Amino acid sequence: MQSLISYPKIENKLFSIKLDDALKESKIYNSMFSLEEHNKLRINAIEFNECYFDNLKILNSNFYNVYFVDIVFNNCDFSNSNFELCSFIRCQFKNCKLLGSNFFNSSFQNISFNGMLKYINFANNKMQKVEFNNSVLDEGRFLENKFSFIYFDECDMISVEFVKCNLNKINFSNNNIDGIIIDPKDLKGAILNSYQACMVAKMLGIVIEG
């Protein structure tokens, strides 16, 4: 799949800093955070701009009204963390773990996800130019999201639930969507392969012979 998103713009020279020290400021620029572990952090009303997060483990934490602009998250673990009213612009999640993470009323623009996203919860989000590449989204939930140019590429999406989401023109054909939970009318205009189309037909009670 040819990417249509814009990737993070980061200066070559970044300043290495500890996250605890950075959180004393309201705006953090051109910073590198690496090899840190945190639990139950509370991060409120902060802007990260042109930063690189490398091998960070931030678990069971709360991010509220945080702006992430031109960010790379590499090998990071945000399992069971909450992101509310956050904005993500030109960000990459590379081989990241977002197991059971919850995103509520947040916005995503030019974002690439890659990694373990099982049980993730996207609720009431705006998603514009967002890619999910080679990711595990099993039993994830998309609730009342507004989609514009969303791409799923070679993802495991077993038992993913879509609630009140318009999936028109979204291509699922090279993803595993076995057990998808959805109102079939929301699939109108979605692109499926023949196996997936048969699965949806069975959801509608259609009997296919031959």
Using θ = phi - 60° and Karplus 6.51 cos²θ - 1.76 cosθ + 1.60, couplings along the stretch 112-127 (whole Hz; Gly, Pro as x): 10, 10, 8, x, 9, 10, 4, 6, 5, 10, 9, 10, 6, 9, 9, 10
Given a Förster radius of 22 Å and the C-beta distance between Ser173 and Ala201 as r, what FRET efficiency does 1/(1 + (r/R0)^6) yield to the nearest 0.05? 0.90
Using amide H atoms built in the peptide plane, which far-off residues or other-chain residues are under 5 Å from Arg141 H to H? Ile120, Asn121, Phe122, Glu161
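So if each residue of separation counts as 0.36 nm, and I subtract the Cα-Cα distance between Glu154 and Leu35, what length gain in nm does that give? The partial results should precede the final answer.
Numbers: separation 119, 0.36 × 119 = 42.84 nm, distance 2.93 nm.
Additional length available on full extension: 39.9 nm.
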Step through the residues of the stretch 147-163 one at a time and calculate ³J(HN,Hα) from phi using the Karplus curve (6.51 cos²θ - 1.76 cosθ + 1.60, θ = phi - 60°), rounding each to whole Hz and writing x for Gly and Pro. 9, 8, 6, 10, 10, 10, 10, 6, 10, 8, 10, 5, 6, 5, 10, 10, 10
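Using a 10 Å Cβ count of at most 16 others and DSSP loop calls, identify the longest part of the chain lacking such trypsin sites (Lys or Arg not before Pro). Can you show the working numbers first?
On the way: sites that count: Lys9, Lys13, Lys18, Lys24, Lys40, Lys164, Lys169, Lys188.
Longest stretch, sites excluded: 41-163.
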Contact order normalised by length for the chain, with contacts defined as Cα pairs under 8 Å and 6 or more residues apart; what percent is it? 11
For the chain, modelled as a Gaussian network with Cα springs under 10 Å, which listed residue fluctuates most, Leu23, Leu167, Leu117? Leu23
Looking only at Asn60, Asn12, Asn114, which one moves most when the chain is put into a Gaussian network model with springs between Cα atoms under 10 Å? Asn12
Potential lengthening between Arg42 and Leu23 on full extension [0.36 nm per residue; Cα-Cα distance subtracted]: 5.9 nm
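Given DSSP loops and a limit of at most 13 other Cβ atoms within 10 Å, what is the longest stretch of the chain that contains no such GluC sites (Glu not before Pro)? Numbers along the way, then the final one.
On the way: sites that count: Glu11, Glu25, Glu144, Glu154, Glu209.
Of all site-free stretches, the longest is 26-143.
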The helix 194-203 Cα axis meets the longest alpha-carbon principal axis of the chain at an angle in degrees, between 0 and 90 and rounded to 10, of 80
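Taken together, the values in this text are just the output of simple stated rules run on the coordinates, not laboratory data. Just so it is clear, the model here is predicted, and its values are computed rather than measured. Ideal geometry is used to build each Cβ from the backbone, glycine not excepted, and the neighbour counts take in all protein chains shown.
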